[in-house]
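Peer 1: Below you'll find the structure I mean.
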Amino acid sequence: MTEHAGSPQRGRATDEWWRSFFDLTYAEAELVPDDPGPAERAADRLVGWLRVAPGDVIFDQCCGVGRVAIPLATRGMRVIGVDQSEPYIELARAAAARQHADARFFVGDAFAWTPPELCDAGFNWFTSFGYHADDTMNIQMLEAAHRSIRPGGRFVLEYLATPGMLRRFRSSSVHRPRGAAADGLLILDEPTIDFRAGVVVSTWTFLHRDGRREERRVQTRLFMPHELIRLFEQAGFRVVELLDGDTGEALELGSRRMAVIGER
Ligand SMILES: C[S@@+](CC[C@H](N)C(=O)[O-])C[C@H]1O[C@@H](n2cnc3c(N)ncnc32)[C@H](O)[C@@H]1O
């Protein structure tokens, strides 16, 4: 039986790889936008999907540097974000202060952390989920989201769309990151698929302009849509919509991103 697709076949990421992967180099490359457009569009989509209005309290689970939280706050929402990275939270707080945004940010572990007050709605954006190969761990993050939201409130998980990803799978690709501070940086992405574990393990090589090379590995579960729906239900949500995360239309075979919308 062939258990891996792609090359090179370099096995798993280290346990809890996310604790070292998400550093300032990654943030500057991928999270600090040179073009605010995608995060602004994300905020617009979220307002509709979550059915929220100015004054509502929104939970951003794994908020990074506040890329999506702050545009939501500038639309009048009161946002509470959590991330495991202290430097990311410092950046998020500084950005919120600069923009006079009603956004509070906390350092915490999203597998267990819940906000200091019950929120009207919540979201987890840009594949910030499914990092454990073991779903008994992953579901804990959804359960924490469920505990964070009032009955009747909605929660959106925005994730890579596995069917479309498999359809256009390439064993290596190079991209120029979108971040404002990523001057001259290239990222070589070499994914392999571990069918037995149901994960994609990607080796990312950062090729810096000055010739430095840095390699790191990232691992994400390859959820088929129905598997995510099942996890939502196990965590206590009722799934109300399954959408193409880019277009907001129904999810299709070719979709790049998916959005699962649950209601508590
Ligand atoms: C791909 S980034 C996305 C950040 C943000 N959602 C966005 O769209 O800009 C994933 C984020 O999840 C955070 N993260 C990963 N595991 C976490 C955990 N267990 N608890 C809290 N944050 C976590 C990382 O630190 C990182 O900021």
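Peer 1: Could you work out how much longer the chain between residue 230 and residue 210 gets when fully extended? Use 0.36 nm per residue separation minus the Cα distance between them, nm to one decimal. Spell out each step's value before the answer.
Peer 2: Numbers: separation 20, 0.36 × 20 = 7.20 nm, distance 4.67 nm.
So the extension gain works out to 2.5 nm.
Peer 1: Would you mind computing, in nm to one decimal, how far apart the modelled labels at residue 171 and residue 24 are, each placed 7 Å from Cα along Cα→Cβ?
Peer 2: 3.8 nm
Peer 1: Follow-up question, since we're still on this one. Loop-only check: which chymotrypsin sites (Phe, Trp or Tyr not before Pro) in region 169-264 are DSSP coil with at most 13 other Cβ within 10 angstrom?
Peer 2: On the way: sites: 169, 195, 204, 206, 223, 232, 237; in loops: 169, 195, 223, 237.
Those satisfying the criteria are 169, 195.
Peer 1: Determine the percent antiparallel among the DSSP beta bridges restricted to the chain, to the nearest 5. Kindly include the intermediate steps, with their values, before the conclusion.
Peer 2: Numbers: 38 of 56 bridges.
Among the beta bridges of the chain, antiparallel pairing accounts for roughly 70 percent.
Peer 1: Something else now. Which one, 74, 89, 200, projects farthest toward the positive side of the charge dipole computed for the chain from Cβ point charges (K/R +1, D/E -1)?
Peer 2: Positive-end residue among those listed: 200.
Peer 1: While we're on this one: Amide H to amide H, which residues 5 or more places from residue 105 or on other chains are under 5 Å from it, using H placed in the peptide plane?
Peer 2: Residues meeting the amide H criterion: 81.
Peer 1: Here is a further query. Once amide H atoms are built 1.01 Å from N in the peptide plane, which residues 5 or more positions from residue 149, or in another chain, come under 5 Å H to H?
Peer 2: 119
Peer 1: Further question: Which one, 232, 245, 220, projects farthest toward the positive side of the charge dipole computed for region 212-254 from Cβ point charges (K/R +1, D/E -1)?
Peer 2: Farthest towards the positive pole: 220.
Peer 1: Assign unit charges at the C-beta atoms only (+1 for Lys and Arg, -1 for Asp and Glu), then state the dipole size of region 1-147 relative to its Cα centre in Debye, rounded to the nearest 20.
Peer 2: That gives region 1-147 a dipole magnitude of about 340 debye.
Peer 1: Under a 1.4 angstrom probe, counting protein chains only, how are 154, 75, 167, 19 ranked by accessible area, largest first?
Peer 2: Values: 154 20, 75 65, 167 160, 19 125 Å².
The ordering from most to least exposed comes out as 167, 19, 75, 154.
Peer 1: Rounded to the nearest 500, what is the 222 nm mean residue ellipticity of the chain from helices alone, with -39500 (n - 2.57) per DSSP H run of 4+ residues and division by all residues? Write down the numbers at each step before the final one.
Peer 2: On the way: 7 runs with 68 residues, N = 264.
Computed mean residue ellipticity for the chain: -7500 deg cm²/dmol.
Peer 1: How many percent of Cα pairs in region 14-116 exceed 24 Å? Walk me through the numbers before you get to the answer.
Peer 2: On the way: 989 of 5253 pairs.
I get 19 percent for the Cα pairs in region 14-116 exceeding 24 Å.
Peer 1: In debye to the nearest 20, how big a dipole does the chain give about its Cα centre with +1 on each Lys and Arg Cβ and -1 on each Asp and Glu Cβ?
Peer 2: Computed charge dipole of the chain: roughly 220 debye.
Peer 1: Amide H of residue 122 versus every other amide H placed in the peptide plane: which residues, excluding those fewer than 5 positions away on the same chain, fall under 5 Å?
Peer 2: Hits under the 5 Å cutoff: 59, 154, 155, 156.
Peer 1: Translational D (Stokes-Einstein, µm²/s) of region 163-213 at 25 °C and 0.890 mPa s when Rh comes from the Kirkwood sum over C-alpha pairs? Each step should come with its number before you reach the end.
Peer 2: On the way: Rh = 12.4 Å.
In µm²/s, the coefficient is 198.
Peer 1: Let me ask you something else. Per the 1.4 Å probe, what fraction of the accessible area of the chain, in percent, lies on carbon and sulfur atoms?
Peer 2: Looking at the chain in its full context, I get 49 percent from C and S.
Peer 1: Convert 25 °C to kelvin, take the viscosity as 0.890 mPa s, use the Kirkwood radius over C-alpha pairs of the chain as Rh, and evaluate the Stokes-Einstein diffusion coefficient in µm²/s, rounded to a whole number.
Peer 2: Numbers: Rh = 18.8 Å.
Here the translational diffusion coefficient equals 131 µm²/s.
The values are calculated or read from the model by the stated rules, or taken from the named source; none is laboratory data. From a predicted model like this one, the values you see are computed outputs, not experimental measurements. We place every Cβ from the backbone using ideal geometry, glycine too, and count neighbours over all the protein chains shown. Note: accessible area is taken over every heavy atom of the protein model, side chains too, but ligands, DNA and RNA are not part of it. Shrake-Rupley method; radii C 1.70, N 1.55, O 1.52, S 1.80 Å.
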